[in-house]
Each structure stands twice: as C-alpha cells, then as structure tokens.
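Can you read through this structure? Questions will come right after.
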Amino acid sequence: ALGIMKNFGFPGTKHLSGYTWIQGGVTSLTGNRSVANRFYNGESLGLIVHFNDRNSIWIQETFNKLVTVPWYTTACIGYTRSW
C-alpha cells in the first residue's frame, strides 16, 4: 500500500492532533478455493491523543473501497511510543 498522510493540530491544545490519510494498494481476499488479489483505496480520518513527547494513542476510522465490493468502514485504535 502507498499513501499520503497530512497531520494537523487543533488550536489551543497541545495534547490533541488529527490526520487524514489517503492510500491505495493491493489486498488479497481469502475464504474461497482461490485467493483473489484486488486493488483498494482507503480514506482515513484520525485523532491522536499525546500524553507526552513520547507516548500517544491514535484512533482512526477508514472508508475502504475494493473494485468488486461496496464501500465499507474499519475502525482502529493504537498506541505509539517514540524514541
């Protein structure tokens, strides 16, 4: 997958930031007798909660589109530790 991400801050706060992420790539659909490789594109919107300079949690909602499947969404949450 390849994509472009843009981070942005919220005025008046140092502990919150957001991002948008547009991406595309190839994914493999399994579950049948054969594996089907399909192109997909996704558009994400996320929020990052910065606890300090090294620790943060991010929350993301992604709208995905496969060539042969209608739009669907995925939600993610993660933890980041920077050195």
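The values are calculated or read from the model by the stated rules, or taken from the named source; none is laboratory data. Everything numeric in this text was worked out from a predicted model, so none of it was measured. Positions of Cβ are generated from backbone atoms using ideal geometry, with glycine treated the same way; all protein chains shown enter the neighbour counts. For the accessible areas, the whole protein counts, side chains as well, though only heavy atoms, and no ligand, DNA or RNA atoms are used. Shrake-Rupley method; radii C 1.70, N 1.55, O 1.52, S 1.80 Å.
Yes/no matrix, rows are residues, columns are (1) touching a residue at least 24 places away in the same chain (Cβ under 8 Å); (2) hydrophobic (A, V, I, L, M, F, W, C); (3) under 20 Å from Thr80 (Cα atoms):
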position	(1), (2), (3)
Gly9	no, no, yes
Lys14	yes, no, yes
Gln23	no, no, no
Gly31	no, no, no
Asn37	no, no, no
His50	yes, no, yes
Asn55	yes, no, yes
Asn64	yes, no, no
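Take segment 6-46 and flag every residue that is under 18 Å from Tyr79 (Cα atoms), open to solvent by 60 Å² or more (accessible area, probe 1.4 Å) and part of a strand (DSSP E or B).
Asn7, Leu16, Trp21, Leu45, listed by residue number.
Could you list, in sequence order, the residues of segment 49-67 that are surrounded by fewer than 10 Cβ atoms within 10 Å (Cβ to Cβ) and over 20 Å from Ser17 (Cβ atoms)? Full working, then the answer.
Quick first cut of segment 49-67, residues surrounded by fewer than 10 Cβ atoms within 10 Å (Cβ to Cβ) only: 52-53, 67.
Answer for segment 49-67, where residues must be surrounded by fewer than 10 Cβ atoms within 10 Å (Cβ to Cβ) and over 20 Å from Ser17 (Cβ atoms): just Val67.
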